[in-house]
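> Would you mind keeping the following structure in view while I ask a few things?
Derivation of every value follows stated rules applied to the coordinates shown; laboratory data play no part. What you see is a predicted model, and the numbers here were worked out from it, not measured in a lab. Please note: Cβ atoms are built from the backbone with ideal geometry, for glycine as well, and neighbour counts cover all protein chains shown.
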Amino acid sequence: MKHFFQKLALLAMAGSIAISAQATTPDEDLAAFRNFFKDRFPDVPTGEYVNGVYSIDPVGRENWEAIEEFPPYEPFIDDGRTMWETPFANGKTYQDCFPDGPAMESKFPYWDKEKEMVITLPLAINQCREANGEKPLKYKKGPINDILSYIAFESRGQITNVVVPSDDPKALAAYEKGKKFYYTRRGQLNFSCATCHLQNAGMKIRADILSPALGHTTHWPVYRSKWGTVGTLHRRFTGCNKQVRAKPFKAQGEEYRDLEYFLTYMSNGLPLNGPGARK
Amino acid sequence: MRIKSFLQFTIAALLLGASLTPVLAADATDSNVAKAQQMIEKAEAARKQAASVDGEWRDTGKIIDEAKAELAKGQVVTAMKLAAEAHKQGVLGYQQAVSQRELKMPSYLHY
C-alpha cells in the first residue's frame, strides 16, 4: 500500500511539470498568456509590456529613458525614409507595392491563403524588391533594418492584430507550429523560449533580467547596444537559439515565420512602438 | 651504496621513459587513424540524425571539423576525444528532439 501511494505521488509530480497539449484556440492561448503575466507581475499594467524588460526593471528603465532622449535608432529611420522615397531602377517605389504604407506594420505578419505561408514584413519588402527587379536585402543585418525602422516608426501606435483565419486550417497549423516551437526545449542547455520568457521572466541570467514574452514583438527592429546597430526580430531568434546552444534556423525560413506568427498573436491588442532600444 | 641505488634508480627511470615514448608518440598508427576516422564518421551520422528532426546542437558540426583537423595533424587521441564528444551531442540532440515531438504545455499556464 505504501509503495502504491509513493508511485501515485511520483506520477502526480511528473504530471504537474508538463501536460500534453489539449486543443486550445489562439484566443484561449492569448488569455492564458496574459493571465500568467498578470499573476506574475500584478502591478504592471498590460500596456506597459510594450517596453519589454523595462516594464519590470526600474533601474534599467531609468537608463533606457535616458537613452531614448537621443535614440540610437534615429539615423536608421532617416536612412529608411530615404530608401522608401527612392525609386527603384524601373521607376516604381515601395509605395507602389504598399499603397497603405509606410504606416503598415500592424498588417504583418499575416497568413497568405494563396501562397499557403505566413508573410512577414521583411519578407514582403523583399518580395516587393524582387518584383521590381531589385536584389533582395539580407534578413538580419544591413539596410533591411533601415526601412524596417522607418516603417516601424511611422506605424507607432497601431494596434497588434494578427488574425488566424478560421476558414483555412493551414493557417491554424502554421500558428500551432509556431506555438510548438515556442514551448519546445532545444539545444545543449535544454531551454525553450518559454523557459526564459515565461517561467523565468523577471529572474536574472548572469547580470541581465529576462524580459517577459508579452509585448515581445511590438518594438522591432531594435537597436541593441550589444550589436551596436539595429537588428531584426529573426536575428534575435537566431541569437537566442545559439545562446541555448541549439543550431539556429534560417532567418525568414518557415520555422521562424511561424514562430513570429504565434508570438505576435500573443501580443494582440498591444500598441506597436518600434523601433526600440535595448541592452 | 646509496649512490649505487640512486644510479640504479636513474637508469631504470631512463629505460622506462625510453620504452614508453614510442607508445605515446605512436598514436598515429594506421589502425588508430582508421579508428579515429570511423569515430568521426559515426559522429557525423549522429549529427545528421539529430538534424533530421531539427535537434542539432550549435557546436556539434564545429567539433567534428576540429576532430578532422586534429586527425590531419596526426593528433589521433585528441581527434578521437572530439569525435566521441560530437557523437554524444548528436545522440542527445536526437533524443531531445524526439522526446519533444508532442507539444507539452507548461503547467504554469492556466487555461
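> Write out the cysteines belonging to the protein assembly as shown for which the nearest other cysteine Cβ is not under 4.7 Å, or none if no such cysteine exists.
Here A:Cys193, A:Cys196, A:Cys240 come out as lacking a disulfide-compatible partner, given the Cβ-Cβ threshold of under 4.7 Å.
> Something else about it: Could you compute Rg(Cα) / (2.2 N^0.38 Å) for region A:22-111, with N its residue count? Walk me through the intermediate numbers first.
On the way: Rg = 19.4 Å, N = 90, 2.2 N^0.38 = 12.2 Å.
Taking N as the residue count of region A:22-111, the ratio is 1.59.
> Rounded to the nearest 0.05, what FRET efficiency do B:Lys42 and B:Val77 have when you use their Cβ-Cβ distance and R0 = 22 Å?
Details: r = 17 Å, r/R0 = 0.76.
Once the sixth-power term is evaluated, E becomes 0.85.
> Here is the link list: B:Lys68/B:Lys88; B:Lys42/B:Lys81; A:Lys141/A:Lys279; A:Lys115/A:Lys247; A:Lys141/A:Lys179. Which ones come out longer than 19 Å on Cα distance? Walk me through the numbers before you get to the answer.
Numbers: B:Lys68/B:Lys88 16 Å; B:Lys42/B:Lys81 13 Å; A:Lys141/A:Lys279 17 Å; A:Lys115/A:Lys247 28 Å; A:Lys141/A:Lys179 26 Å.
Pairs exceeding 19 Å: A:Lys115/A:Lys247; A:Lys141/A:Lys179.
> Across the Cα atoms of region A:173-279, what radius of gyration and what greatest pairwise Cα-Cα distance (Dmax) are found, in Å?
13.2, 38
> Taking just the alpha carbons, could you work out the radius of gyration and Dmax for region A:74-154, both in angstroms?
Just the Cα atoms of region A:74-154 yield Rg and Dmax of 12.2, 37 Å.
> Separate question: Taking the Cα atoms of the protein assembly as shown, report the difference between the largest and smallest coordinate on each principal axis, in whole Å and largest first.
Extents along the principal axes: 99, 73, 46 Å.
> What ranking do A:Trp227, A:Trp111 get, fewest neighbouring Cβ atoms within 10 angstrom at the top?
Values: A:Trp227 16, A:Trp111 20.
Fewest to most other Cβ atoms nearby, the residues stand as A:Trp227, A:Trp111.
> What's the FRET efficiency of A:Gln127 with A:Ala23 using the Cβ-Cβ distance as r and R₀ = 41 Å, to the nearest 0.05? Let's see the in-between values first.
Numbers: r = 33 Å, r/R0 = 0.81.
For R0 = 41 Å, the calculated efficiency reads 0.80.
> Sticking with this one: Let me check I have the definition right: for region B:29-99, take the eigenvalues of the Cα gyration tensor, multiply each by 5, take square roots. What are those semi-axes in whole Å, largest first? Write down the numbers at each step before the final one.
Values: eigenvalues 112, 20, 12 Å².
With the √(5λ) rule applied to region B:29-99, the semi-axes are 24, 10, 8 Å.
> Out of the DSSP beta bridges found with both residues in region A:154-279, what percent are antiparallel (nearest 5)? Present the calculation step by step, with values, prior to reporting the outcome.
On the way: 7 of 10 bridges.
Among the beta bridges of region A:154-279, antiparallel pairing accounts for roughly 70 percent.
> Show me A:61-69, B:48-56, A:43-51 ranked by packing, highest mean number of other Cβ atoms within 10 Å first.
Values: A:61-69: 12.4, B:48-56: 18.1, A:43-51: 16.1.
For the peptides A:61-69, B:48-56, A:43-51, the packing ranking is B:48-56, A:43-51, A:61-69.
> State the extension gain, in nm to one decimal, for the chain segment bounded by A:Lys141 and A:Met203, taking 0.36 nm per residue of separation less the distance between their alpha-carbons. Show your work: numbers first, answer last.
Values: separation 62, 0.36 × 62 = 22.32 nm, distance 2.94 nm.
My answer for the length gained is 19.4 nm.
> Calculate the spin-label point distance for A:Asn35 paired with A:Ala66, positioning each point 7 Å from the Cα along the beta-carbon direction, and give it in nanometres.
Calculated label separation equals 4.1 nm.
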